[in-house]
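Contents: one structure, followed by commentary.
The values are calculated or read from the model by the stated rules, or taken from the named source; none is laboratory data. A quick note: this is a predicted structure, and the numbers were derived from the prediction, not measured. So basically every Cβ, Gly included, is an ideal-geometry build from the backbone, and we count neighbours across all protein chains shown.
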Amino acid sequence: MKVYIELFIIDNIATSLAAAWLSYSFFGMRLHIARTTAAVAAGLAVSIVYPYFRLPLYITIPAKFAVGILLSQILFYGLKKTVPSAMAFFAATALIGGACFAASCLAEDDSLPYLVPSLISAAVAVLVKLLIGEARKKYAEMRFSCETDIIFGEKTARFRGFIDSGNGLTDNGVPVAVIKMSAFAAAFGVEELSRSSHRKTDRALGGGEQLILVKPCKIRLYYGENANIYKDVTLGVSALGFDREEDILLPSSVLGE
């Protein structure tokens, strides 16, 4: 295949840029432009010089590892430790390189046309970044999900709770936990709402909804390693509900108390 240096450089820059972007994504970090530019330039220089050297395998493999570690340090020096940063960079290059290799196996002459590696690298980087984002989102939701017991007199009901950082509602200084009316009524019956003393606009849920405020005997929260945490919390019963699977949105003030 005839070599076009311009297209070779474009492919090299694109794959190196995708690897750097993906490496930062593993740590949930934004792309550092200056560091990435330096790493891409270093990688390009190595790829141009490399074909002129014919080294034995026992030297080539350690040399490639050394170059990978060097590039990872350019990206992460002072930000992450050497081993995690190198592992992230090698994982990114393995994903991109593996995808390009798999695609080349499908080609007639086992080689990819110019610019195809660039497209594959971009597609892999975007797809993996989306998967990482979804995984981080699920992990964050798991961290803030908890089982919640609400106790009225002799009756106790368990609900699926979520600690909502956006819920800053208070009632005379007491935090308000927002619960769906359907969940509340199913557990305690509509008659328990007669305990309500007044209504209050719920700015957290929007729409100007007035919550029915009721005071339970206590709330037992199961979160993390803490098995039984009792909180002085008012319930705000919402007829409109909210767009989550959980039954109750707990105020962020329950954390660390």
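Is it the case, given these coordinates, that Pro84 is more than 23 Å from Val128 (Cβ to Cβ) and not hydroxyl-bearing (Ser, Thr, Tyr)? Answer is no for this residue. Looking at Pro113, Pro117, just one residue is closer than 23 Å to Leu7 by Cα and in contact (Cβ under 8 Å) with a residue 24 or more places away in the chain, and that residue is Pro117.
Test of understanding: among Leu127, Leu112, which residue is within 17 Å of the chain's Cα centre (by Cα), within 29 Å of Ala20 (Cβ to Cβ) and hydrophobic (A, V, I, L, M, F, W, C)? The match here is Leu127. All told, Val67 falls short of being surrounded by 16 or more Cβ atoms within 10 Å (Cβ to Cβ) and free of Cβ contacts under 8 Å to residues at least 40 places away in the same chain. The residues listed here are Ile132, Ile150; of these, the one that is outside the structural domain of Asp247 (by TED's automatic domain parsing) and surrounded by 15 or more Cβ atoms within 10 Å (Cβ to Cβ) is Ile132.
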